[in-house]
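Please read the structure below before turning to the comments.
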Amino acid sequence: SAAMEEAEFDDILDDWFIEYKDLHVYQLEHPTQVIEWTSGRTVCVAGFSPSKNEILELRLPRKLFADENKGLCAERDFKVVHGGFTDRPVRCLRHVPGTRCAVTGDGLSSNLQVWDLGGDDSDVIRRTGSIEGRRRRTGVSEGGSSIAARPSSPPQILHGAQISDVQLTELSSGQTLYQLESDSADPLSSLHFLSDAVFLAGCSNGNIYVADTRTSAAPQLSPPPPPPVSSGESVLWWTDASAGPDPSGCRVVRLSSSGQALVSDLRNLGGAVSRAQLDVQTLRCGPDDVRVSWAPALDDCIAVSGFSGAVQIYDASVWTSELQEARPLFEHRGHAVSPEQSDDGVPPILVTSHVWHPERPRTLLSAASDGSVHVWDWVDQSAADKR
């Protein structure tokens, strides 16, 4: 029963109160692979089943933001503030800064859908248009597009499924403003704006491209390190870039399906500043499964998910240029202890997505394959022990 589950979670919370300042739980009807901030207190989530899916905007529990007199704030629930339906899976979702618009990709084609997230007068999220992807020049099957929204106005969307079809599209007119000049068919794993014009494209094979939308110059390419000799299968890579006022000071982390993390400097992408072998279960991962992300408000911290039912936080400041095993600074295992977990052939619960809060240093949201969504604020025990 729901009451029993809530009671079990309260027991777990009692055990964990030393590890968490906050932990709030929500249950979606269907799991989500996307968690995207639409404001400091609201996120969008959406299903990824093959047919009909919900797109929801959730408001985080008010109690999370009640820093003073937390005990007086009774509202500890997530609340659905806007919602709508799509007839496709949602594998990628980006909010367009400064607007009430979002752009989604279905993981199947390079075309994108545009959504109005609703306002004070309407609780409906509705589709308002689409953005065409560039047609493929190669014979490979269409894969899903990566999407990045330009940080400032006017609203522009960078998108593509492989390097040769990355383009910048103006949201209002659908006009193509920029196309990346490359013949490479490298499939993309992510796109990141480092400034209003400079962007980074991370590829599934570990290649990184850096380009500038103001010029047609060829992108700067940085290949990944050679794979470990022992691995017979091909290695997938995921990438994130740290945001900052100065793109040249940006750092890039690449994470491989064999659990190797590599941090490099944008000024010298070819050379690794530091590396580590992470303490992850190296399952057979698909390109959409794993997330790696720099903390926006906490120096040197990286969150990793998708290998198991846990979200791990690592402190990259202690990594060196020598490849060494790294232990996580913190592990959120809350999804894996959900009451549905049993051994009778039920597949293990896997984390499907995570995201850091843009301003709160240790607050993250995570979602798992059982439909659970958690928002949690973790305590750094190593810092607490030093006091």
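Just a few scattered comments:
- Helical runs assigned H by DSSP (4 residues or longer) give the chain a calculated mean residue ellipticity at 222 nm of -2000 deg cm²/dmol, each run adding -39500 (n - 2.57) before division by the residue total.
- Glu331/Arg41 FRET efficiency (R0 22 Å; Cβ-Cβ; nearest 0.05): 0.25
- Per-residue surface analysis assigns Asp123 an accessible area of about 100 Å², computed on protein heavy atoms at 1.4 Å probe radius.
- When peptides 254-264, 293-303 are sorted by average Cβ neighbour count within 10 Å, with the highest value leading, the order is 254-264, 293-303.
- Between Ser51, Ser195, Ser39, the residue with the greatest mean-square fluctuation in the GNM of the chain (Cα pairs under 10 Å linked by springs) is Ser51.
- Normalised contact order of the chain, rounded percent, pairs of Cα under 8 Å and 6 or more residues apart: 13 percent
- Within the assembled protein chains, the solvent-accessible surface assigned to Lys52 is about 140 Å², based on a 1.4 Å probe.
- Highest GNM mean-square fluctuation among Leu188, Leu221, Leu56, for the chain modelled with Cα contacts below 10 Å: Leu221.
- Sites Thr99 and Ala185, calculated FRET efficiency, Cβ-Cβ separation with R0 25 Å, nearest 0.05: 0.15
- Surface composition of segment 96-176: carbon plus sulfur atoms contribute 47% of the solvent-accessible area (1.4 Å probe, protein chains only, all chains present).
- Solvent-accessible area per residue for segment 1-383 (1.4 angstrom probe, square angstrom): 45 Å²
- For the chain, the longest site-free run once GluC sites (Glu not before Pro) in DSSP loop states with at most 11 other Cβ atoms within 10 Å are removed: 69-232
- Relative contact order of segment 234-383, taken over Cα pairs closer than 8 Å and 6 or more residues apart, is 17 percent.
- Farthest toward the positive end of the dipole of segment 79-193, out of Leu168, Gly83, Ala148, is the Cα of Gly83, where the dipole comes from beta carbon charges about the Cα centre.
- Among Phe48, Phe78, Phe65, the largest mean-square fluctuation in a Gaussian network model of the chain (Cα springs under 10 Å) belongs to Phe65.
The values are calculated or read from the model by the stated rules, or taken from the named source; none is laboratory data. Since we're looking at a predicted model, the values are computed, not measured. Methodologically, a virtual Cβ is constructed for each residue, glycine included, from the backbone with ideal geometry; neighbour enumeration extends over all protein chains shown. The protein model used for the area step is the full one, side chains on, heavy atoms only, and it has no ligands, DNA or RNA in it. Shrake-Rupley method; radii C 1.70, N 1.55, O 1.52, S 1.80 Å.
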